[in-house]
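Q: Supplied in structure tokens, the structure appears directly below.
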Amino acid sequence: RPENIMLIKVLMVLLMVSMAHTEWRWADDNLDFTPDKETHLFTSFGFYYMFKHKGYSELDSFKYTFYCGIGKEVIDALVPHEKYGRMGGDGFSKNDLAYNLLGIGIAYGIDKIWKKKPIDITFYIYKY
């Protein structure tokens, strides 16, 4: 899609400009199920479901959800929370991305297992 290519180009330029003005940081974390990891898991779960049930393919839903997770990690890497508070982060975390993938995987699995049931909304009018 042409609009996706343009979005990627804009994001790449913004990333290059921002990297010139700050230092890339790596998070010193682990895979413990902290509130941050919980947020990554459930947000990715929700994003995948949103994209999937708004008409995107499974692959596009996966890609766009994962791109959102990578975008958040880039923000965490470039925007220090010590200076910017909640807008920033403690660095790029591969473990956060693992929880993003887990959330996407759970959403995908539930979507495959849980089939839609048709809803019968037939009304009957009886004469007494």
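The values are calculated or read from the model by the stated rules, or taken from the named source; none is laboratory data. Quick caveat: nothing in here was measured; it's all calculated off a predicted structure. Cβ sites come from the backbone with ideal geometry, for glycine too, and all protein chains shown count toward neighbours. The protein model used for the area step is the full one, side chains on, heavy atoms only, and it has no ligands, DNA or RNA in it. Shrake-Rupley method; radii C 1.70, N 1.55, O 1.52, S 1.80 Å.
Q: Can you pull out the trypsin sites (Lys or Arg not before Pro) in region 48-88 that DSSP calls coil and that have at most 12 other Cβ atoms within 10 Å?
A: Answer by residue number: 54.
Q: May I ask you to compute the full-extension gain from residue 121 to residue 60, defined as 0.36 nm times their residue separation minus their alpha-carbon distance, rounded to one decimal in nm?
A: Here the segment from residue 121 to residue 60 would lengthen by 18.7 nm.
Q: So I have [x] 19.9, 80; [y] 14.7, 48; [z] 15.5, 54, and one of them is Rg and Dmax of the Cα atoms in Å calculated from this model. Which one is it?
A: [x]
Q: A further question follows. Given a 1.4 Å probe, how much area per residue of the chain is accessible, in Å²?
A: Working: 9890 Å² over 128 residues.
Dividing the accessible area of the chain by its residue count gives 77 Å².
Q: What do you get for the angle between helix 2-20 and the principal long axis of the chain? Use alpha-carbon atoms, 0 to 90 degrees, nearest ten.
A: Relative to the chain, helix 2-20 is tipped by roughly 30 degrees.
Q: Please determine, in degrees from 0 to 90 and to the nearest 10, the orientation of helix 58-78 with respect to the longest principal axis defined by the Cα atoms of the chain, where the helix direction is its Cα long axis.
A: 30
Q: Quick one: pull the percent of accessible area on region 21-128 belonging to carbon and sulfur, 1.4 Å probe, ligands and nucleic acids left out.
A: 64
Q: Give me the angle, in degrees from 0 to 90, between the Cα long axis of helix 94-113 and the longest principal axis of the Cα atoms of the chain, rounded to the nearest 10.
A: 10
Q: If R₀ is 30 angstrom, what is the calculated FRET efficiency for the pair residue 32 and residue 53, using the beta carbon separation as r and rounding to 0.05?
A: Efficiency for this residue pair is about 0.45.
Q: Quote the charge dipole size of the chain about the Cα centre in Debye, to the nearest 20; the model charges only the Cβ of Lys and Arg (+1) and of Asp and Glu (-1).
A: 860
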